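Structure record follows, encoded as structure tokens.
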Amino acid sequence: MEDIELIREKNAPIAVFDSGLGGVSVLKEMIKIMPEEDMYYFGDSANAPYGTKSLEEVRSMTIKHVDDFIKMGCKGVVIACNTATSAAVRTLREMYPDLPIVGIEPAVKPAVEAYPKGNILVMATPMTIHQEKLKHLIDAYGGDANVIPLACPGLMDFVEVGNVNSPELKGFMRDLLYQYVGQLDAVVLGCTHYPFVKDAIIEVLGPEVEIFDGGYGTAKEIRRRLQVQNLLREKGTKKGEITFENSEKSPQKIELFQKLLKM
Ligand code: DGL
């Protein structure tokens, strides 16, 4: 393994990574609580979706990207992708024990705290649903709740093309969720693309079902990790710059990134 040196510089950017555009839902939470930080968002749309690939493929792609972020001089990394987190975060922590690195994971804990005996649906990619990491999370925090994992292949693709409010999306959502109508207390969005189709989920399940996602918790955790290492910029200093890059080099991706960031 080549030796890559970590940067310890307050003014360096924080890298935010997803298989595509979904991680923008996490980036937004980060900007809200750390507006003075520079952020570098990288989406790997050319290789998306990750959720239907093999564990080894996702692990090696994620490690390669994180290596690149460190070489570029990023001071911390957020894996804003539940799928990449479940495949690679443990290995990355072993490789870079001093790097502030946070991986998003499904917000099972807060959902169970709110509905200790509730029926809670976890929507995520097939890989996240079938990984050990989710089983451990449910064993650790599921308590007396009935936690129901649901793989949603194909759902992220709607967001990747900016289709967040169309008859096709609504039809897809009805087919996916119809059997749960009237049965649930809460839904955990275990994929960072899904907050962008939250309205379509609510339309099928009804507004009484509470929706949880891990974006805010992840933003708070990277802030805490950077703080501990004294790597945060002073509050109230200049407004941070947001840079966007995608492995799929198309103007549409940049436009869509901006649209989702504003949503
Ligand atoms: N946004 C990703 C997640 O949070 C995965 C989407 C995909 O590439 O399948 O799991």
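The values are calculated or read from the model by the stated rules, or taken from the named source; none is laboratory data. Here the structure is a predicted model, which means the values were calculated and not measured. Every residue, glycine among them, receives a Cβ derived from its backbone with ideal geometry; neighbour counts consider all protein chains shown. We work out accessible area using only protein heavy atoms, side chains counted, and drop any ligands, DNA or RNA first. Shrake-Rupley method; radii C 1.70, N 1.55, O 1.52, S 1.80 Å.
A few notes on this one:
- Filter result (more than 12 Å from the chain's Cα centre (by Cα), closer than 19 Å to LYS220 by Cβ and of a type in the set (Gly, Ala, Ser)) within the range 69-113: GLY76, ALA111
- Whether a residue is within 16 Å of the ligand (Cβ to nearest atom), over 23 Å from PRO251 (Cα atoms) and open to solvent by less than 30 Å² (accessible area, probe 1.4 Å) was assessed, and THR128 passes this test.
- Among the residues making up the range 46-85, those that are surrounded by fewer than 21 Cβ atoms within 10 Å (Cβ to Cβ) and in contact with a Lys or Arg (Cβ under 9 Å, 6 or more places away or on another chain) are ALA46, ASN47, MET61.
Conditions tested, residue by residue: (1) touching a Ser or Thr at 6+ places or on another chain (Cβ under 6 Å); (2) more than 16 Å from the ligand (Cβ to nearest atom); (3) part of a helix (DSSP H, G or I); (4) at pLDDT below 95.
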| position | (1), (2), (3), (4) |
| --- | --- |
| GLU56 | no, no, yes, no |
| SER60 | no, no, yes, no |
| LYS71 | no, yes, yes, no |
| ALA84 | yes, no, yes, no |
| ARG93 | no, yes, yes, no |
| LEU99 | no, yes, no, no |
| LYS109 | no, yes, yes, no |
| GLU113 | no, yes, yes, no |
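- For the range 202-224, taking the residues that are under 18 Å from ILE148 (Cβ atoms), within 16 Å of the ligand (Cβ to nearest atom) and crowded, with 21+ Cβ neighbours inside 10 Å, the one that is nearest to the chain's Cα centre (by Cα) is identified as GLY214.
- Subset of the range 115-138 (residues that are among the hydrophobic types (A, V, I, L, M, F, W, C) and part of a helix (DSSP H, G or I)): MET127, ILE129, LEU134, LEU137, ILE138
- Among the candidates GLU105, GLU29, GLU36, GLU94, residue that is free of Cβ contacts under 8 Å to residues at least 24 places away in the same chain and of a type in the set (Asp, Glu): GLU94
- Just one of the listed residues (ASP38, ASP18) is modelled with pLDDT of 95 or more and within 16 Å of the ligand (Cβ to nearest atom), namely ASP18.
- Test: residue in the range 229-250 that is away from the ligand (no atom under 16 Å from the Cβ), open to solvent by 70 Å² or more (accessible area, probe 1.4 Å) and in a helix (DSSP H, G or I): no
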